[in-house]
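What follows is a short report on a single structure.
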Amino acid sequence: MDLTGKTIAVAVTGGIAAYKACDFVRELYRRNAERVLCIMTPNAAEFVTTLTLQALSRYPVFTETLAVDHGGIPIHIVIAQQADALVVLPATADSLCKLAHGAADNLVTTSVITFTGKPVIVVPAMNTRMWDHPLTRQNLDTIRQLPNYVIVEPTSGNLACGETGDGHLADQETILQALYQSVHPEKNLFKGIKAIVTAGGTSEPIDPVRVISNRSSGKMGLALADELYAMGATVTLISTKPPNHRLYDVITVKTASDMQTELNTRFEDTDLLLMAAAISDYTPANPAEHKIKREQQLTPTLALTPNPDILASLGQRKRTGQLLVGFAAESQDLLKNATDKFHRKNLDAIAANDISRTDIGFEADQNEMTLILANGNHHKLERDRKDRIARNLLLTLHEQLLKS
Ligand code: CTP
């Protein structure tokens, strides 16, 4: 996720989850936001001081309804003019009620009603009883109908009041991804496309303790799934490593066989498959039911049996209109080996990845790839962070394979 060039306004209202706004502001800068402008209600300033948010956001923080900037312009107008998105975090039951009814009685509500034509991300947090109240539900339904408004629903968890239930502020990554999607420059590019992304390295059991696995971190696949979602696709991620947010369907698997079962049941209904998972080519022929003891086998030997080539079998089943993209991990003859796999597996594109380098690929945060397409075109995706590589790869795929 990359918020480069974006100005994000964070509006904090008076609930205990206000303290989470502090870390959220820091995280926005970690994701390269250009500016973070914070405003608060007077009640929010009872939970977190303006000074805290000012230090973290690097800009003055206001609480008074009629506050103006150094040039005399009202703050709610400054925000409407300059911010790309406005995040209300946390949104209390009282703020939801006011937002649903168009109130403009404090700086946050005044700013929200002035903020038209751009995304407003509402992140409620409150006690379960307030969350469950029919009036809160009614207010949420009203807000949900508004164009450009996104509600990031709370989760169930331990609440500050000591009770447990719904009302816990959504986790940070889910809020960030919802915000990212709302400001994404290509947010509708893959709209209407049903996509499956596979990610992570499978592990094959030797016994209940040991496995055969590989060095895949799953980061590339997760970055692809996040970007596809942000670009409007309906995403299902089948992965050995689950993401730390809950925005699209995630199926967690362990073995190549699990991966194949999940793909087989979903493939028919899929428009685009990005097969980024590192699938074990072999599995122990006879996994032991109980832990193999050292005394039992001083010099153990492991009999292996081949796993099916899942992508090649899906390539055989491919119907018109379905697109299959493979990922070739190579330590030598990168383009030749990747091109062989492209043909052998009946693909529409393959991303060739040089795994002999330590600065990219497995376990690294950066990658570099060459995308090979059916028309023989080669597209080099220069070394970059995996999220940016994911975006460029998807833009290239769209340009080359989906644009009619
Ligand atoms: N793949 C698969 N099933 C396997 C092995 C790989 O579906 N049993 C998929 C991978 O998810 C990837 C592509 O095939 O998209 C290429 O995987 P890679 O490991 O590079 O190649 P292999 O086909 O396994 O060939 P080799 O190990 O000989 O390089």
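For the reader, a short list of remarks on this structure follows.
- Within the range 289-299, the residues that satisfy the criterion of being exposed (fewer than 10 other Cβ atoms within 10 Å of the Cβ) and free of Cβ contacts under 8 Å to residues at least 24 places away in the same chain are K293, R294, E295, L298, T299.
- Evaluating V150 against the criteria (1) in a strand (DSSP E or B); (2) surrounded by 20 or more Cβ atoms within 10 Å (Cβ to Cβ) leaves one unmet condition, (2).
- Within the range 15-41, the residues that satisfy the criterion of being assigned to a loop (DSSP other than H, G, I, E, B) and surrounded by fewer than 21 Cβ atoms within 10 Å (Cβ to Cβ) are I16, R31, N32, E34.
- Selection of the range 1-25 for residues being of a type in the set (D, E) and over 14 Å from V123 (Cβ atoms) yields only D2.
- Counting residues in the range 2-12 that are in contact with an Asp or Glu (Cβ under 8 Å, 6 or more places away or on another chain), part of a loop (DSSP other than H, G, I, E, B) and of a type in the set (K, R) gives one or more.
- Residue among H398, H378, H343 that is under 21 Å from the mean Cα position of the chain (by Cα) and over 18 Å from A277 (Cβ atoms): H398
- Residue pairs meeting the criteria (Cβ under 6 Å; at least 6 apart or on separate chains; first at positive phi and within 12 Å of the ligand (Cβ to nearest atom), in the range 336-360; second at pLDDT 90 or above and not in a loop (DSSP other than H, G, I, E, B)): N346/G315
- Residues of the range 118-141 classified as under 27 Å from the mean Cα position of the chain (by Cα) and either within 30 Å of P185 (Cβ to Cβ) or of a type in the set (D, E) (or both), total: 10
- Within the range 114-145, the residues that satisfy the criterion of being over 20 Å from L247 (Cα atoms) and surrounded by fewer than 16 Cβ atoms within 10 Å (Cβ to Cβ) are T116, G117, K118, R129, D132, H133, P134, L135, R137, Q138.
- Q82 vs. criteria touching a Ser or Thr at 6+ places or on another chain (Cβ under 8 Å), at pLDDT 95 or above and over 19 Å from A178 (Cβ atoms): yes
- Checking each residue in the range 5-62 for being in contact with a Pro (Cβ under 7 Å, 6 or more places away or on another chain) and farther than 22 Å from P154 by Cα picks out only Q54.
- Considering the range 310-329, and only residues there that are within 28 Å of the chain's Cα centre (by Cα) and not aliphatic (A, V, I, L, M), the residue that is farthest from the ligand (Cβ to nearest atom) turns out to be G321.
- Going through (1) within 16 Å of the ligand (Cβ to nearest atom); (2) without any contact (Cβ under 8 Å) to a residue 12 or more places away in the chain one by one, N392 falls short only on (1).
The values are calculated or read from the model by the stated rules, or taken from the named source; none is laboratory data. Predicted, not measured: the structure shown is a model, and the values here were computed from it. No Cβ is skipped: glycine too gets one built from the backbone with ideal geometry, and neighbour counts run over all protein chains shown.
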